[in-house]
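> Okay, handing you the structure first.
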Amino acid sequence: MLIEGNVHSFINRIDPRVRLLIALLYAFCIAFSTRFFPIVLAGPLSFVFVALARLSLKQTFRRLAELNFFMIFLLLFFPFSVQGEALVQWGSMAYSKEGLEKAVLIALKANTIMITVSGLIGTMEPAALGKSMQFFGVPKKFIHIFLFMVRYIDVVGDEFRRLRNAMKLRSFQAKCNLHTFRTYGNLIGMVLVRSLERSERIMAAMKCRGFHGRFYSLTNFHIRMLDFSFLFVCLCFLASLTWLEFFSL
Amino acid sequence: MHIADGVLSGPVIAVSSTLALAGVGIGLSKVDYDTIPKAGILSATFFVASLMHINIGPSSAHLLLTGLLGLLLGWTAFPALAAALLMQTLFFGYGGLTTLGANTLNAGAAAVICHALFFPFIRKEGGRPATPFWIGFWAGGIGILLNGLFFALTLFLSDRDFGETILAVLLAHLPIIVIEAFVTGSAVAFLKKVKPELLQKGPLVS
């Protein structure tokens, strides 16, 4: 379900730990940047990652919809709050140039980071992500919760769809009224009850198979020359972005 | 109401991530290996439920269920939310990597406050069938309201100039507060009827 794009893409040949590390460094590097120049350079690079992951552009852009909902608000309202040279004067309110610049910068940063993350991690196997998180010292209990969640999102989603279909067969139509809200509440309650009962069965089945709080993974990560080169190139790029941030015009 | 990367200032990210980390730590100390599958599957359920869209006039909005999550999970809401938010950031494009802590804190704190406020009531309550609905109603409404207020506070502390933007975003979310209250109310009433022991002890007690 999660693995879109191509499993055999270049990005998927890179060690997941390297990808996670680069994504984190990249996100922090861009998020705290206050200039346009580094972002303008990093923007196109983020599409390089998407291309390397062989993700479709359509999917990538669809992912950005939720993010840009907030950005639209930001572009509309933020410049009114910032003092500066007025672009549009409307009564006592001024749409300032400085504010617009800041809002555009924030929107570009957010989109650049999200595109990069989709490219680097969007096609990663969640189990590999769990293992990489463990490598970086994330608590095991948290990783277990994460992996169980990932595993059962599809199952619970099917449960939802089954109940929704049953509702549709009984001519339920979602509108904006009390009946709809009450029905959705019941639907969520029903899925919760079924999920909990399922989790009890799962736990019993796992205990029968000798589960004692550890997942064993059959894949072992090895850092190869390719990973090193990829890490090196990306770090060089990040270093030059940071350099531009501090020392350019 | 996820905050994206690049919006928050450094100090706000540092403080909120530290607090979120503490919250996740407390939450994790309350689960053991017997209840972890439950916590994970409940996270999955809330994740899927939050993808559900409700039509409001021409547009639509999705549920957050902060109140219901808090009511059921208490402190464990923190790791559950962190896992769901991580998933949403990495695979679905909601929220951000650098703001993961802030987003977890905003929702987690709201969930824990809801638990503290309303769980004692739901435990005691046994009388009229309408009451679970109203407890859920207030838990759902206040949960998302607090979530929104914390969201506003984080943005405002980052940059005072966000004021008007925050106001606009919150106003756009007002209908969701009402919808969330009704949906949570009927979900709680349903659980009280179908699986009352769930609300007596909380789901993580086996």
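> With a ≥ b ≥ c the root eigenvalues of the C-alpha gyration tensor of the range B:97-206, is it rounded (a/c under 1.5), prolate (a/b larger than b/c) or oblate?
Prolate.
> Between beta-carbons, use under 11 Å as the cut-off and find the net charge around A:Gly130, counting Lys and Arg +1, Asp and Glu -1.
For residues surrounding A:Gly130, the net value is +2.
> Checking the a/c ratio against 1.5 first, then a/b against b/c, what shape does the Cα gyration tensor give for chain A?
Judged from the Cα gyration tensor, chain A comes out oblate (a/c at least 1.5, b/c at or above a/b).
> Could you give me D for the range A:1-123, from Stokes-Einstein at 20 °C and 1.002 mPa s, where the hydrodynamic radius is the Kirkwood radius over C-alpha pairs? Units µm² s⁻¹, please.
Result for D is 136 µm²/s.
> Using the count of nearby Cβ atoms within 10 Å as a rough guide to exposure, how do A:Glu159, B:Glu197 rank from fewest to most?
If I rank by nearby Cβ atoms, fewest first, I get B:Glu197, A:Glu159.
> Moving on to the next point. Using the 10 angstrom Cβ neighbour count as an exposure proxy, how do A:Lys175, B:Lys38, A:Lys140 rank, fewest first?
Ordered from fewest to most neighbouring Cβ atoms within 10 Å, A:Lys175, B:Lys38, A:Lys140 come out as A:Lys175, A:Lys140, B:Lys38.
> Quick one, what does Rg over Rh come out to for chain B if you take C-alpha atoms and the Kirkwood Rh?
0.96
> Do you know the relative contact order of chain A, to the nearest whole percent, from alpha carbon pairs under 8 angstrom that are 6+ apart?
Answer for chain A is 30 percent.
> Can you bin the range A:134-244 into rounded, prolate or oblate? Criterion: square roots of the alpha carbon gyration tensor eigenvalues sorted a ≥ b ≥ c, rounded for a/c under 1.5, prolate for a/b above b/c, oblate for the rest.
oblate
> So what is Rg over Rh here for the protein assembly as shown, counting just Cα atoms and using Kirkwood for Rh?
A ratio of 0.98.
> Where is the GNM fluctuation largest for chain A (alpha-carbon springs, 10 angstrom cutoff): A:Asn12, A:Asn68, A:Asn111?
Of the options given, A:Asn68 has the highest mean-square fluctuation.
> How would you rank B:Glu180, A:Glu125, going from fewest to most other Cβ atoms within 10 Å of each one's own Cβ?
Ascending Cβ contact count within 10 Å gives the list A:Glu125, B:Glu180.
> List the residues whose amide H sits under 5 Å from the amide H of B:Ser50, counting only those 5 or more places along or on another chain, with H placed 1.01 Å from N in the peptide plane.
none
Every read-out reported here was derived from the displayed coordinates using simple, explicitly stated rules and does not represent laboratory data. Since the model is a prediction, treat every value here as computed from it, not as a measurement. With ideal geometry, Cβ positions are generated from the backbone for all residues, glycine too; neighbour counts draw on all protein chains shown.
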